[in-house]
1. I'm trying to understand the selection: among the residues of the range 15-55, which are hydrophobic (A, V, I, L, M, F, W, C) and buried (at least 17 other Cβ atoms within 10 Å of the Cβ)?
2. Does the range 111-120 hold any residues that are touching a residue at least 40 places away in the same chain (Cβ under 8 Å) and within 19 Å of Leu177 (Cβ to Cβ), and which are they?
3. Of the residues Ile112, Ile182, only one is closer than 20 Å to Thr201 by Cβ, in contact with a helix residue (DSSP H, G or I) (Cβ under 7 Å, 6 or more places away or on another chain) and at pLDDT 90 or above; which?
4. Could you check, for the range 131-139, whether at least one of its residues is more than 20 Å from Val225 (Cβ to Cβ), of a type in the set (Gly, Ala, Ser) and part of a helix (DSSP H, G or I)?
5. Hey, does the range 59-69 have a residue that's within 28 Å of Met183 (Cβ to Cβ), surrounded by 18 or more Cβ atoms within 10 Å (Cβ to Cβ), modelled with pLDDT under 90 and not aliphatic (A, V, I, L, M)?
6. Has the range 121-135 got any residue that is small (Gly, Ala, Ser), surrounded by fewer than 24 Cβ atoms within 10 Å (Cβ to Cβ), farther than 20 Å from Leu220 by Cα and without any contact (Cβ under 8 Å) to a residue 60 or more places away in the chain?
7. Look at Ile173 and say whether it is out of contact with any Pro (no Cβ under 8 Å at 6 or more places or on another chain) and farther than 29 Å from Leu62 by Cα.
8. Of (1) surrounded by fewer than 21 Cβ atoms within 10 Å (Cβ to Cβ); (2) touching a helix residue (DSSP H, G or I) at 6+ places or on another chain (Cβ under 7 Å); (3) at pLDDT below 95, Phe72 satisfies all except one. Which?
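The values are calculated or read from the model by the stated rules, or taken from the named source; none is laboratory data. Since we're looking at a predicted model, the values are computed, not measured. Cβ coordinates were reconstructed from backbone atoms using ideal geometry, including for glycine residues, and neighbour counts include every protein chain displayed.
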Amino acid sequence: MIMTNSIFPFLQESWFVISWYLFGFLAAVWVTYDEFKVNTNVNQSLKYGWPIIVIFFSIIGLVLYLSTCRPFGIKNKTGEEAKEYHHRYVSPQWKKVTGSVIHCVAGDGLGIMTAMVISRLINLKFWPEFCFEYGTGFLFGWLIFQYTAMKKMAGSKRQAFWMAGRAEFFSMIPLMLAMGLIMRFITPQIAGQSPDPDTLTFWAYGALGLFAGALFTYPLNWWLVSIGWKHGMS
């Protein structure tokens, strides 16, 4: 408790939360433009995943995009040259896995945060809220993000549906575990109670939970990419 009180109190400071999300929104606008106008060979599903991540992860999300998905000098490349240049840049395993994690957290996180807003508005207790967030995050990740990506890997829509569900099932477990630990042990110690969606603290701890989820799910995504169950960055 001493450690959490000494590390995380700034998450309740309005100057920090507003600055964090303001930078995130502005950076997400730039990333969206860059993906569709300059760095156009980004995986299609990641073109929608990166802006979501950058909003929540702010400067960390932008650094991840620049260091793992945007080759320096890509604006000077066109056609097949740009495609090959981007492919070489994202080919290292750690970058592939980063893309897989971004894809996972964007879909799951969007569902989780949506469910969290609803849960707080209707005053759900911890375990009903946790289960509701888990189910919503799973469905968002499976049906919107994973299925879209798997259609390019599968031979049929049925196979893509199965492959997407399989990948989502495994990658969701550590992500939601991290979110649950933040909700159960850290947030109450700092905020005193589960914050409501109309408070800055709610969005601060939402971002913290998603970031912890990204760290927790990274090793499992490494394995999923290695065995070909997820596609990674390219």
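1. Taking the range 15-55 as the starting set, the residues that turn out to be hydrophobic (A, V, I, L, M, F, W, C) are 15-18, 20, 22-23, 25-31, 36, 38, 42, 46, 50, 52-55.
Val17, Trp20, Ala27, Ala28, Val31, Val42, Leu46, Trp50, Ile52, Ile53, Val54, Ile55 - these are the residues of the range 15-55 that are hydrophobic (A, V, I, L, M, F, W, C) and buried (at least 17 other Cβ atoms within 10 Å of the Cβ).
2. Filtering the range 111-120 down to residues touching a residue at least 40 places away in the same chain (Cβ under 8 Å) leaves 112-113, 116-117, 120.
Selection gives Ile112, Met113, Met116.
3. Numbers: Ile182 fails: at pLDDT 90 or above.
Going through Ile112, Ile182 in turn, just one is closer than 20 Å to Thr201 by Cβ, in contact with a helix residue (DSSP H, G or I) (Cβ under 7 Å, 6 or more places away or on another chain) and at pLDDT 90 or above: Ile112.
4. Going residue by residue through the range 131-139, those that are more than 20 Å from Val225 (Cβ to Cβ) are 131-137, 139.
Then keep just the ones that are of a type in the set (Gly, Ala, Ser); that gives 135, 137.
Those left that are additionally part of a helix (DSSP H, G or I): 135, 137.
Checked the range 131-139: at least one residue is more than 20 Å from Val225 (Cβ to Cβ), of a type in the set (Gly, Ala, Ser) and part of a helix (DSSP H, G or I).
5. Looking for residues that are within 28 Å of Met183 (Cβ to Cβ), surrounded by 18 or more Cβ atoms within 10 Å (Cβ to Cβ), modelled with pLDDT under 90 and not aliphatic (A, V, I, L, M), one finds none in the range 59-69, hence no.
6. Going through the range 121-135, the residues small (Gly, Ala, Ser) turn out to be 135.
Applying the additional criterion that residues be surrounded by fewer than 24 Cβ atoms within 10 Å (Cβ to Cβ) yields 135.
Okay, now just the ones that are also farther than 20 Å from Leu220 by Cα, so none.
Scanning the range 121-135, I find no residue that is small (Gly, Ala, Ser), surrounded by fewer than 24 Cβ atoms within 10 Å (Cβ to Cβ), farther than 20 Å from Leu220 by Cα and without any contact (Cβ under 8 Å) to a residue 60 or more places away in the chain, so the answer is no.
7. Values: out of contact with any Pro (no Cβ under 8 Å at 6 or more places or on another chain): yes; farther than 29 Å from Leu62 by Cα: no.
Taking the combined requirement at face value, the residue does not satisfy it.
8. Against the list (1) surrounded by fewer than 21 Cβ atoms within 10 Å (Cβ to Cβ); (2) touching a helix residue (DSSP H, G or I) at 6+ places or on another chain (Cβ under 7 Å); (3) at pLDDT below 95, Phe72 comes up short only on (2).
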